[in-house]
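Data block below; observations after.
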Amino acid sequence: MLDSREPLRVGLVGCSWFALRAHIPALLALEQGGCRGFSVRIEAVCSRTRKSMAKAEAKIGRSVVRHAQMQALFDDPKIDVVLIVLPIPLAADAIEAALRAGKVRS
């Protein structure tokens, strides 16, 4: 059980244009203000390329853990939940793996 006083530690899977312009800013806003008794903190990113992870890290504005493989992010015990920002054809397998790793919360 997570402590509601501690932020959910988020791992971002996919560092695309949409992640940079929509998802990361939304997560950063949640980091600043929280929402209904909980908050988040982006702790890790995962992408196929170092360049896209560097762009995400720059957008976040601090160092985060970089994972080149999704499974490594899903296996990271320091990550509570993942946000999957992948093209639809790739999302199903990623969602299934995240569910198996227990990285999804409702």
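Could you work out how much longer the chain between residue 68 and residue 96 gets when fully extended? Use 0.36 nm per residue separation minus the Cα distance between them, nm to one decimal.
Length difference between fully extended and current span is 8.3 nm.
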Quote the Stokes-Einstein diffusion coefficient, in whole µm² s⁻¹, for the chain, based on the Kirkwood radius over alpha carbon pairs, a temperature of 10 °C and a viscosity of 1.306 mPa s. 115
With the charge dipole of the chain built from beta-carbon charges (+1 for Lys and Arg, -1 for Asp and Glu) about the Cα centre, the Cα from 91, 24, 69 projecting farthest to the positive end belongs to 24
Label point distance in nm, residue 81-residue 8, each placed 7 Å from Cα along Cα→Cβ: 0.0
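Quick check: with the 1.4 Å probe, what order do 76, 93 take by accessible area, largest first?
93, 76
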Using a 10 Å cut-off on Cβ atoms, rank the peptides 78-85, 48-55, 8-15, 64-71 from the highest mean neighbour count down. 8-15, 78-85, 64-71, 48-55
Enter the accessible area per residue of the chain (Å², integer; probe 1.4 Å; all protein chains in place). 63
Counting only protein heavy atoms with a 1.4 Å probe and every protein chain in place, the carbon and sulfur fraction of the accessible surface of the range 20-99 in whole percent equals 56
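The values are calculated or read from the model by the stated rules, or taken from the named source; none is laboratory data. None of these values were measured; they are calculated from a predicted model. Here the Cβ is made from the backbone with ideal geometry for all residues, glycine too, and neighbour counts use every protein chain on show. We work out accessible area using only protein heavy atoms, side chains counted, and drop any ligands, DNA or RNA first. Shrake-Rupley method; radii C 1.70, N 1.55, O 1.52, S 1.80 Å.
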